[in-house]
Amino acid sequence: MTHHPEAGVVGGAVSFIDADGRQFGEWQYPSTDAAIRSALAHTTPLAHSATMLRKDAFFAVGGYRRLLAPAEDLDLWLRIAERHGLANLGAVVVRYRVHPEQATVRSCEAQALGSLAARIAARARAEGRPDSLDTIDRVDRGMLLRIGATEEEVAAAVVHTLTWVARTLGKAGYVADSERLFLEAERRARAEAFPELAVHVHRQHARLHREQGRRLPFALESLRAPVPAAMRAHRAADDPEAERRTLLVPPARGDPERVQAAFVARTVTRME
């Protein structure tokens, strides 16, 4: 804090460990005020357990709003950011233990909805309107839609949170719990009828398989993540070659199982 007198909050990097204390990852957060502010729009770029904050900054904005738990930290950072600078150190300052008990579907949904509510409230304040959360006593899907969220924002918040936690559990070695959350994320994505969300789930699942060297699961999961037509059209407008590159499977002729097998073989070969 001494080296960042302009900052109301200072965080640091995090080392992720499993229940046995084994480190399986390290996360560096944006370090500058501008980068942190930019990241606040779509993630939480200050790790709660890795932060120190000024007492006067905390009380000046009213402290935590328990209504948003477990996303009360993001809400606090957003409100402090309206009055003070933000900073992160490059050094690891905390070891964060990850275990399956902290990653239920219910907790992921509460995190997602609370985070979205905090951003909607920040958006209202930035536009000179009253804080959206001052007049509500709960945070759920219906309430979020009433205070200005869209159906797609709500769906994306939940699916992205489930997917991120699923990948983190997978990296920690909790395979069954990871797969359970990936399946729930896929179910939610398909139920919401936003094709891009289902693509996101499969790509993140495939990415986890690739990082852990699981060739066949990577190939099969990649096969389940075709690019929606709307996304292909958008890419094609910027890059005429995009359509050719993003089609995962050529038009089937003859036995479709042979086409799929050929794709899997090509994908596994790329990993070697």
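The values are calculated or read from the model by the stated rules, or taken from the named source; none is laboratory data. None of the values given here were measured: they were computed from a predicted structure. Cβ placement follows ideal geometry from the backbone for every residue including glycine, while neighbour counts extend to all protein chains displayed.
Please go through segment 120-175 and give me each residue that is touching a Cys at 6+ places or on another chain (Cβ under 8 Å) and either at positive phi or β-branched (V, I, T) (or both), ordered by number. Step through it out loud before you land on a result.
The initial filter retains those residues of segment 120-175 that are touching a Cys at 6+ places or on another chain (Cβ under 8 Å), namely 158, 161-162, 165.
Listed by number, the residues that qualify are V158, T161, V165.
Under 18 Å from A157 (Cα atoms), buried (at least 16 other Cβ atoms within 10 Å of the Cβ) and either of a type outside the set (D, E) or more than 22 Å from the chain's Cα centre (by Cα) (or both), is that true of A103?
Against the criterion (under 18 Å from A157 (Cα atoms), buried (at least 16 other Cβ atoms within 10 Å of the Cβ) and either of a type outside the set (D, E) or more than 22 Å from the chain's Cα centre (by Cα) (or both)), A103 qualifies.
Checked against the criterion of being β-branched (V, I, T), in contact (Cβ under 8 Å) with a residue 60 or more places away in the chain and crowded, with 17+ Cβ neighbours inside 10 Å, the candidates T51, T44 yield just one match: T44. Out of all the residues in segment 173-183, is one or more modelled with pLDDT of 95 or more, among the hydroxyl-bearing types (S, T, Y) and farther than 30 Å from E26 by Cα? Checked segment 173-183: no residue is modelled with pLDDT of 95 or more, among the hydroxyl-bearing types (S, T, Y) and farther than 30 Å from E26 by Cα.
Scanning segment 54-63 for residues that are without any contact (Cβ under 8 Å) to a residue 24 or more places away in the chain and aliphatic (A, V, I, L, M) returns A60, V61. Would you pick out the residues in segment 40-51 that are among the hydrophobic types (A, V, I, L, M, F, W, C) and part of a helix (DSSP H, G or I)? Hit for segment 40-51 is A50, nothing else.
Restricting segment 23-41 to residues that are among the hydrophobic types (A, V, I, L, M, F, W, C) and in contact (Cβ under 8 Å) with a residue 12 or more places away in the chain, which is surrounded by the most Cβ atoms within 10 Å (Cβ to Cβ)? If you could, list the steps in order and put the result at the bottom.
Taking segment 23-41 as the starting set, the residues that turn out to be among the hydrophobic types (A, V, I, L, M, F, W, C) are 24, 27, 34-36, 39-41.
Checking the rest, the ones that are also in contact (Cβ under 8 Å) with a residue 12 or more places away in the chain come to 24, 27, 36, 40-41.
Details: F24: 14, W27: 13, I36: 22, L40: 20, A41: 11.
In this case the residue turns out to be I36.
Residues are listed down the side, and each one gets a yes or a no for (1) hydrophobic (A, V, I, L, M, F, W, C); (2) in a loop (DSSP other than H, G, I, E, B); (3) within 22 Å of G170 (Cβ to Cβ); (4) at pLDDT 95 or above:
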residue	(1), (2), (3), (4)
Y29	no, yes, yes, yes
A34	yes, no, no, yes
S38	no, no, no, yes
A57	yes, no, no, yes
W77	yes, no, no, yes
R95	no, no, yes, yes
G128	no, yes, no, yes
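Limited to segment 140-153, what total is found for residues that are over 12 Å from R119 (Cβ atoms), among the aliphatic types (A, V, I, L, M) and either within 18 Å of the chain's Cα centre (by Cα) or loosely packed, with under 15 Cβ neighbours inside 10 Å (or both)? Matching residues across segment 140-153 total 1.
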